[in-house]
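The values are calculated or read from the model by the stated rules, or taken from the named source; none is laboratory data. Quick caveat, the model's predicted, so the values are computed rather than measured. Because the Cβ atoms are built from the backbone with ideal geometry, glycine has one as well, and the counts that use them run over all protein chains shown. When the accessible area is computed, the model is the full protein with side chains, heavy atoms only, and any ligands, DNA or RNA have been set aside. Shrake-Rupley method; radii C 1.70, N 1.55, O 1.52, S 1.80 Å.
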Amino acid sequence: MEQFAQQFVNGVVLGAMYGLIALGYTMVYGIIQLWNFAHGEIFMVGAFGGLAVWTALPESLAENAFLALPLIFTAAVFTATFTAVLVERVAYRPLRSSPRITALITAIGVSIVLQESVRLFYPDGKRPQSFPGLVAEGNFSIGDVRIPWVSLFIVIVAFFAMLLLQAFVHATKTGKAMRAVSQDPDTARLMGIDVNRIIMVTFAVGAILAALAGVLQGMKFRQIDFHMGFLAGLKAFTAAVLGGIGNITGAVLGGLLLGITEVMATQYIPQGSAWKDVWAFIVLIVVLVFRPTGLLGEDVSVRA
Amino acid sequence: MTELLQVRGLSVRYGMIEAVKDVSFAVSEGAIVSLVGANGAGKTTILRTISGLLPPVAGEVFFADQPLAHLPAHEIVASGLAHVPEGRRVFPRMTVRENLDLGAFVCGQGNNIDADLERVHTLFPILAERAGQKAGTLSGGEQQMLAIARALMSRPRLLMLDEPSMGLAPLITQRIFDIVAELREQGTTVLLVEQNAQAALSLADKGYVLESGSVVLVGTGADLLMNEDVRKAYLAE
Ligand SMILES: Nc1ncnc2c1ncn2[C@@H]1O[C@H](COP(=O)(O)OP(=O)(O)OP(=O)(O)O)[C@@H](O)[C@H]1O
Ligand SMILES: [Mg+2]
């Protein structure tokens with residue numbers, strides 16, 4: 001029981017990070033029906049942006065978490081957002097009216113370009129880079145369950161980011177415009193909404209969340225590398241589909257479900273850890289067999 | 001009377017299909033003008049082109065003497081031209097109130113929309129009752145009212161309605177047309193596209209009959225209603 005609770009907590013932490021990345025996938029899909037396979041690389045680029053600034057800090061600053069953390073997050077967010085907006089403008093916008101497969105292949109191309117850019121141009125980028133922990137090392141305990149401080153930090157950051165996103169999407173004018181574009185782009189234009197601007201904002205918001213996840217992952221595993229976006233992107237994609245394409249709450253739920261499943265399967269299924277990265281897809285297949293639209297997905301044909 | 005909207009020599013194609021051919025018409029300030037025609041005559045295409053959703057291959061559109069050509073759709077709305085699209089197109093997963101808020105999107109952030117809300121709630125009391133209901137769950141008639149109310153939230157000088165009577169019972173259709181008449185009384189100019197020629201032409205100051213992409217008849221609403229060809233083709237006589 002204690003072990004179960006411990007693993008459950010680990011699953012939530014992992015799932016919170018998947019969820020943060022999945023949000024960007026699902027929002028971009030919701031708005032332009034593009035699986036942005038370069039989104040995992042935005043997460044990676046964000047982590048590297050944060051690390052680059054931390055590395056450049058004078059030692060006195062770098063060791064002070066209260067000053068260094070906001071700087072790292074800010075740098076990560078700026079790097080990721082700038083990259084995502086640039087990619088949208090240069091690679092995706094010209095293909096807006098092309099067949100979907102064209103944009104999809106472009107996304108894969110973009111993801112290779114971003115990976116290779118970091119590998120080639122980040123100092124010693126072909127090797128994994130160590131990442132600062134920053135939050136106090138060690139654990140605290142609830143009963144017999146031991147929770148690392150960094151895990152608590154991850155869950156808190158993810159929780160508030162998701163809360164802010166909900167507020168943004170439901171309570172701001174731009175957020176409402178975003179939902180309008182995802183439901184009916186032509187009619188949104190008739191309301192006076194600049195659809196191109198909204199698409200850009202969507203990419204930016206997705207990038208901000210992915211950048212947070214990038215830094216959090218670095219802090220947790222104390223290491224980042226240029227291909228970290230591949231697997232994370234694939235898992236987040238799975239989480240987004242699991243939760244229901246285009247559904248924001250679904251992406252968070254899908255992320256959590258995936259994180260928890262992965263951890264539990266590794267713990268309780270014999271040889272489970274060898275198959276660590278396969279469980280995600282098994283869950284996906286099972287859910288899609290019974291609920292083709294994902295957990296919270298609405299009938300996608302409505303908007304065809 | 002001055003012409004609020006002028007369309008001159010407009011042609012629109014979908015690939016090889018020439019959907020609208022050299023169409024010209026005008027809408028005077030304060031008038032109700034109706035475009036009538038059978039399925040596929042090109043009515044929707046004309047409205048979508050005026051709104052900037054489709055590019056014309058030839059022709060010009062002037063609104064309040066300003067050329068609209070090459071303005072993006074979102075700027076055209078902001079200049080005072082609202083379009084209630086065919087099939088209502090309310091945002092289904094948003095509430096009635098959110099749909100109305102979006103209608104007021106072009107009114108600046110600080111702008112007080114309460115007066116506009118009150119105006120549309122007076123025209124359509126049901127929308128006040130259903131403020132929190134998801135628009136996709138409204139009945140067809142209610143959705144049409146919402147679509148019109150949403151367009152009014154931008155305080156348009158010209159309201160373009162694409163087949164507001166589509167799929168509605170005669171009683172509801174009559175209410176919608178009464179409201180169109182009322183809007184004109186309040187000073188809104190209306191361009192009304194309809195297959196329901198009887199209802200549209202009875203209301204219209206001026207009418208244009210479209211056939212496979214071209215204007216074939218022009219006249220006052222009353223004249224067209226008396227016209228033999230119109231009666232045969234559109235009034236099932
Ligand atoms: N997206 C499109 N692609 C290709 N052809 C189209 C498209 N939309 C309309 N058309 C064609 O253009 C012509 C005019 O269509 P339009 O929708 O403007 O007619 P309409 O007068 O509004 O008809 P209805 O009364 O049925 O709504 C038709 O022949 C139609 O098939
Ligand atoms: Mg039509």
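Structural remarks
- Probe 1.4 Å - accessible area at A:Lys176, Å² to nearest ten: 40 Å²
- Probe 1.4 Å, all protein chains present, accessible-area order of B:Arg155, B:Arg150, largest first: B:Arg155, B:Arg150
- The distance separating the Cα centre of the stretch B:85-136 from that of the stretch A:248-286 comes to 42 Å.
- Two-site label geometry, A:Leu61 and A:Arg89: point separation in nm, points 7 Å out along Cα→Cβ: 2.7 nm
- Between the residues A:Leu34, B:Val57, B:Leu183, the greatest Cα displacement towards the positive end of the dipole of the protein assembly as shown, with unit charges on the Cβ of Lys, Arg, Asp and Glu, is found for A:Leu34.
- Of the residues A:Ala213, A:Thr293, A:Gly272, the one whose Cα sits farthest toward the positive end of the charge dipole of the stretch A:169-304, with +1 on the Cβ of Lys and Arg and -1 on the Cβ of Asp and Glu, is A:Ala213.
- Mean-position separation - Cα centroids, the stretch A:207-240 and the stretch A:67-102, in angstrom: 15 Å
- Theoretical FRET efficiency, 1/(1+(r/R0)^6), r = Cβ-Cβ of A:Trp149 and A:Ile282, R0 35 Å, to 0.05: 0.60
- All-pairs alpha carbon distance profile, the protein assembly as shown, 20 Å steps from 0, percent: 20, 43, 26, 10, 1
- Simple point charges give the picture: +1 on the Cβ of Lys and Arg, -1 on the Cβ of Asp and Glu, and for the protein assembly as shown a dipole about the Cα centre of about 980 debye.
- Rounded if a/c under 1.5, otherwise prolate or oblate - the stretch A:184-304, Cα gyration tensor axes: oblate
- Residue with peak Gaussian network fluctuation, chain B [Cα springs, cutoff 10 Å], from B:Gln144, B:Gln198, B:Gln174: B:Gln174
- Considering only the protein assembly as shown, percent of DSSP beta bridges that pair antiparallel, nearest 5: 60 percent
- Sequence-separation-based contact order of the stretch A:120-189, relative, with Cα cut under 8 Å and 6+ spacing, percent: 14 percent
- Sorted largest first, the spans of the alpha carbon positions of chain B along the three principal axes are 46, 41, 37 Å.
- Panel values: the stretch B:1-117, Kirkwood radius from alpha carbon pairs, Stokes-Einstein at 37 °C and 0.692 mPa s, translational diffusion coefficient 207 µm²/s.
- Solvent exposure of chain B, expressed per residue, is 42 Å² of accessible area, with all protein chains present and a 1.4 angstrom probe.
- The mean accessible area for residues of chain A, using a 1.4 Å probe and ignoring ligands and nucleic acids, is 45 Å² per residue.
- Cα gyration tensor shape of chain A, rounded if a/c is under 1.5, else prolate or oblate by comparing a/b with b/c: oblate
- Relative contact order (percent, whole number), chain A, Cα cutoff 8 Å, 6+ residue spacing: 35 percent
- Exposure check, 1.4 Å probe, all protein chains in place: A:Phe4 carries approximately 90 Å² of accessible surface.
- Within the full protein context, the accessible area of A:Trp275 is estimated at about 140 Å² for a probe radius of 1.4 Å.
- Chain lengthening between A:Ile156 and A:Ile142 when straightened (0.36 nm per residue, less Cα-Cα): 3.4 nm
- Assuming charge only on the beta carbon of Lys and Arg (+1) and of Asp and Glu (-1), the dipole of the stretch B:5-104 about its Cα centre is about 380 debye to the nearest 20.
- FRET E, pair B:Ala222, B:Ala58, Förster distance 22 Å, beta-carbon r, rounded to 0.05: 0.10
- Leaving ligands and nucleic acids aside, the B/A contact buries around 2200 square angstrom of accessible area in total at a 1.4 Å probe radius.
- Minimum 30 Å² accessible area buried by the other protein chains, the stretch A:191-234 residues, probe 1.4 Å, relative to alone: A:Met191, A:Gly192, A:Ile193, A:Asp194
- As a fraction of the 1.4 Å probe accessible area of the protein assembly as shown, surface on carbon and sulfur atoms comes out at 62 percent.
- Residues of the stretch B:57-76 that lose at least 30 Å² of accessible area (1.4 Å probe, protein heavy atoms only) when the other protein chains are present, relative to their chain alone, are B:His74.
- Candidate cross-link partners of B:Lys21 among the lysines, defined by an alpha-carbon separation under 21 Å and a same-chain spacing of 8 or more, comprise B:Lys43, B:Lys206.
- Cα shape, the stretch A:76-196, gyration tensor, a/c 1.5 rule: oblate
- This model, with +1 at the C-beta of Lys and Arg and -1 at the C-beta of Asp and Glu, gives chain B a dipole about its Cα centre of some 560 debye.
- Here's the picture: a label point sits 7 Å out from the Cα of A:Ser273 along the beta-carbon direction, and within the stretch A:210-224 the residues with their amide nitrogen under 17 Å of it are A:221.
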